[in-house]
Amino acid sequence: MKILAIETSCDETAISVMEARGELKKPVFNVLSHVVASQVEFHAKWGGVVPNLAKREHQLNLVPVLKEALERAKMDSREKASPLESKVKKILERETELVAPFLEFIKNSGVPKIDAIAVTRGPGLEPALWVGINFAKALAFAWDKLLIPINHMEGHIYSVLIPPKSHNLRAIPSITFPALALLVSGAHTELVLIRDWLKHKIIGQTLDDAVGEAFDKAARLLDLPYPGGPEISKLAKKCQGDSLTLTLRLPRPMLHSSDFNFSYSGLKTAVLYAVNKLKAANPDGALTNKQKIMIAYEFEQAAVEVLIKKTAKAIAEFKPKTLIVAGGVAANQELGRQASEMIKNDFPEVNLLISARELSTDNAAMIATAAYLHLQTKTRIPKNFKADGNLSLC
Ligand code: KG4
Ligand code: ZN
């Protein structure tokens, strides 16, 4: 079956066409196309995502991204749709920039041979989510397709089922239950216990900032561009092999707490104090490059150590058969390295699945994957639904 998925929960306009087959025992996913129009450079000027500007950018990006996704997946067909214009206009009434390009697109292109449309319903920025949802509703109406709302975090979890580009058939990833997921993104830091397909229970989460947010804020304090995660990581790598002696020790918040929760706002504040102290001691009042490298390295070590130790503690307690690491911060190589080491040394019986680098950050292929699982598990699909910025996994 083929699923077209749409993701607009934050600052990426993403559409994917996914081919999925197989029963729940062994679902197999093949990405036919996966297009992401990033607004990162656009929002970088403001140092972070501005919801109403994101909404406008999604409106402008959706039709071109859809065209590209269909073209790359070679999905065009001759049969044309001729939906009631007034109904389309009603569905898209709040997406003023989208109406004309949408109608023009529908008139000039065929109805692709897809079985369903999936769209992110939440969590995320509501104005941004709404654009994707209304667009998906208009498409589902025009093409007469089933529409499946998806939780963005489920997308991140099951993104690990999508084989990396250079896969061989034997390496098709599969999840054995119970599984544990460490979800790390710009808005979430969660440990999720997964009893079976789509049966989730959050056992720990951040009490304040998410780990990705902490990376972004620490990067800002070091005058690095947004998004800060990859930038901090790049800088931290320069520390290895460098003769730099570490004179800085940052806190590992909640490392020894008895629960599975996290806290990252104190770590960010500790970076702020360290930056101010070092700056004040320098004659020109600015950080040296070496100091920036030292802070980035120590920050990454502190952030990753808490994630790894809490995850190890959860594995020891819940004894999952699979560990999933997913979300934007899963692209962090140091986190991947330490997760692999921890599994190899302490839990060799656990199967570790880390989302492929290009599918760690927001994308629509992961939304299609979750949608296929909903169809296979015969979840009730709601006829009507709204954006939910705070949608939870439970
Ligand atoms: O999952 P995602 O694309 O969006 C959300 O759903 O939030 O995650 C984005 C987050 C950002 O905070 C970004 O700085 C972080 O993921 N990130 C990284 C890396 N790549 C992206 N953090 C650390 N190291 C990376 N290599
Ligand atoms: Zn995300």
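Some points to look at:
- For the stretch 50-58, the criterion of being of a type in the set (V, I, T), part of a loop (DSSP other than H, G, I, E, B) and open to solvent by 40 Å² or more (accessible area, probe 1.4 Å) is met by at least one residue.
- Criterion applied to I162, I133, I157 was being β-branched (V, I, T), within 16 Å of ligand 2 (Cβ to nearest atom), open to solvent by less than 10 Å² (accessible area, probe 1.4 Å) and more than 20 Å from C394 (Cα to Cα), and the one residue passing it is I162.
- In the stretch 14-25, of all residues being touching a Leu at 6+ places or on another chain (Cβ under 6 Å) and open to solvent by less than 10 Å² (accessible area, probe 1.4 Å), the one that is nearest to H374 (Cα to Cα) corresponds to V17.
- Positions within the stretch 247-285 being open to solvent by 40 Å² or more (accessible area, probe 1.4 Å), in contact with a Lys or Arg (Cβ under 9 Å, 6 or more places away or on another chain) and hydrophobic (A, V, I, L, M, F, W, C), in sequence order: M254, L272
- One residue stands out in the stretch 91-103 among those that are touching a residue at least 40 places away in the same chain (Cβ under 8 Å) and among the charged types (D, E, K, R): the one that is surrounded by the fewest Cβ atoms within 10 Å (Cβ to Cβ), namely R94.
- Pairs are defined by a Cβ separation below 9 Å, a sequence spacing of at least 6 or placement on different chains, a first member in the stretch 310-335 that is at pLDDT below 95, and a second member that is among the aromatic types (F, W, Y) and within 16 Å of ligand 1 (Cβ to nearest atom); no pair meets this definition.
- Residue match in the stretch 205-225 (condition: at pLDDT 95 or above and within 22 Å of A316 (Cα to Cα)): yes
- Test: residue in the stretch 165-180 that is touching a His at 6+ places or on another chain (Cβ under 9 Å) and within 16 Å of ligand 2 (Cβ to nearest atom): no
- Meets criteria (outside any strand (DSSP E or B) and either modelled with pLDDT of 95 or more or open to solvent by 20 Å² or more (accessible area, probe 1.4 Å) (or both)) for L4: no
- Only one of the listed residues (K344, K378, K386) is more than 16 Å from ligand 2 (Cβ to nearest atom), open to solvent by 20 Å² or more (accessible area, probe 1.4 Å) and under 15 Å from I308 (Cα atoms). That residue is K344.
- Output for the stretch 313-329, where each listed residue is open to solvent by 10 Å² or more (accessible area, probe 1.4 Å) and part of a helix (DSSP H, G or I): K313, A316, E317, F318, G328, V329
- The set of residues from the stretch 101-151 being closer than 24 Å to V50 by Cβ and more than 27 Å from the chain's Cα centre (by Cα) comprises just one member, P101.
- In the stretch 74-130, the residues that are of a type in the set (G, A, S), more than 16 Å from ligand 2 (Cβ to nearest atom) and assigned to a loop (DSSP other than H, G, I, E, B): S77, A81, S82, S109
- For the stretch 199-213, the set of residues classified as in a loop (DSSP other than H, G, I, E, B) and either within 17 Å of the chain's Cα centre (by Cα) or within 16 Å of ligand 2 (Cβ to nearest atom) (or both) consists of D209, A210, listed by residue number.
- Of the numbered criteria (1) at pLDDT below 95; (2) within 14 Å of G155 (Cα to Cα), the one A365 fails is (1).
- Residue check for D76: open to solvent by 60 Å² or more (accessible area, probe 1.4 Å), closer than 26 Å to T369 by Cα and modelled with pLDDT under 95: yes
- When D216, D208 are screened for being over 15 Å from E300 (Cβ atoms) and either in contact with a Cys (Cβ under 8 Å, 6 or more places away or on another chain) or within 15 Å of ligand 1 (Cβ to nearest atom) (or both), only D208 passes.
The values are calculated or read from the model by the stated rules, or taken from the named source; none is laboratory data. Bear in mind the structure is a predicted one, so any value in this text is a computation, not a measurement. Counting neighbours? That spans all protein chains shown, and the Cβs are built from the backbone with ideal geometry, glycine included. Surface areas here come from the heavy atoms of the whole protein model, side chains and all, with no ligands, DNA or RNA. Shrake-Rupley method; radii C 1.70, N 1.55, O 1.52, S 1.80 Å.
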